Amino acid sequence: QVQPVESGGGLVQAGGSLSLSCAASGGASLVKMGWYRQAPGNPRELVADITSGGITKYAESVKGRFSISMDNAKNMVYLQMDSLKPDDTAVYYCTADVGHSIPGVSTRYWGQGTQVTVSS
């Protein structure tokens, strides 16, 4: 079992910044970690993810404002969020992916989520 645990959420004014952190317990070798978010009434969406090799992906809506990084040795992933907008308000979930012997197959573990609220 891998248990991601998020921290760093909170309330911030539009234009402000927040930093999220996620630690994945269990000692597994992770192939990818990432961040998803879900706003009220909206589907869950990918915010950003990063592979163990450092390859990153961002949602178009956050490019240039958010930055994801990963510490492989500590099984930690971070999300630096700048220039926050009210539309960024959501519960943010951390994910950790563990690979398997079958090509293209992995197991995704989800954190409990942390609330980010951006006031206008």
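Going through segment 17-47 one residue at a time, which ones are over 11 Å from the mean Cα position of the chain (by Cα), closer than 22 Å to HIS100 by Cβ and in a strand (DSSP E or B)?
ALA24, SER25, LEU30, VAL31
Which condition breaks for ALA48 when tested against (1) open to solvent by less than 40 Å² (accessible area, probe 1.4 Å); (2) touching a residue at least 40 places away in the same chain (Cβ under 8 Å)?
(2)
Looking at segment 6-28, which of the residues that are open to solvent by less than 60 Å² (accessible area, probe 1.4 Å) and of a type in the set (A, V, I, L, M) is farthest from VAL77 (Cα to Cα)?
That would be ALA14.
For segment 70-120, what are the residues that are touching a residue at least 24 places away in the same chain (Cβ under 8 Å) and among the small types (Gly, Ala, Ser)?
If the condition is that a residue be touching a residue at least 24 places away in the same chain (Cβ under 8 Å) and among the small types (Gly, Ala, Ser), then SER83, ALA90, ALA96, GLY99, SER106, GLY111, GLY113, SER119, SER120 are the ones that fit.
Return the residue satisfying two criteria in turn: it lies in segment 108-120 and is part of a loop (DSSP other than H, G, I, E, B) and within 16 Å of the chain's Cα centre (by Cα), and of such residues it is surrounded by the fewest Cβ atoms within 10 Å (Cβ to Cβ).
We begin by selecting, within segment 108-120, every residue part of a loop (DSSP other than H, G, I, E, B); these are 111-113, 120.
Subsequent filtering for residues that are within 16 Å of the chain's Cα centre (by Cα) retains 111-113.
Values: GLY111: 21, GLN112: 11, GLY113: 18.
The extreme case among them is GLN112.
Among residues belonging to segment 71-107 that are open to solvent by 40 Å² or more (accessible area, probe 1.4 Å), touching a Leu at 6+ places or on another chain (Cβ under 9 Å) and assigned to a strand (DSSP E or B), point out the one that is farthest from GLY16 (Cα to Cα).
TYR78
Just the residues that are open to solvent by less than 60 Å² (accessible area, probe 1.4 Å) and in a loop (DSSP other than H, G, I, E, B), please, taken from segment 61-70.
ARG65
The values are calculated or read from the model by the stated rules, or taken from the named source; none is laboratory data. Predicted model, so just to flag it, every value in this text is computed and none were measured. No Cβ is skipped: glycine too gets one built from the backbone with ideal geometry, and neighbour counts run over all protein chains shown. Surface areas here come from the heavy atoms of the whole protein model, side chains and all, with no ligands, DNA or RNA. Shrake-Rupley method; radii C 1.70, N 1.55, O 1.52, S 1.80 Å.
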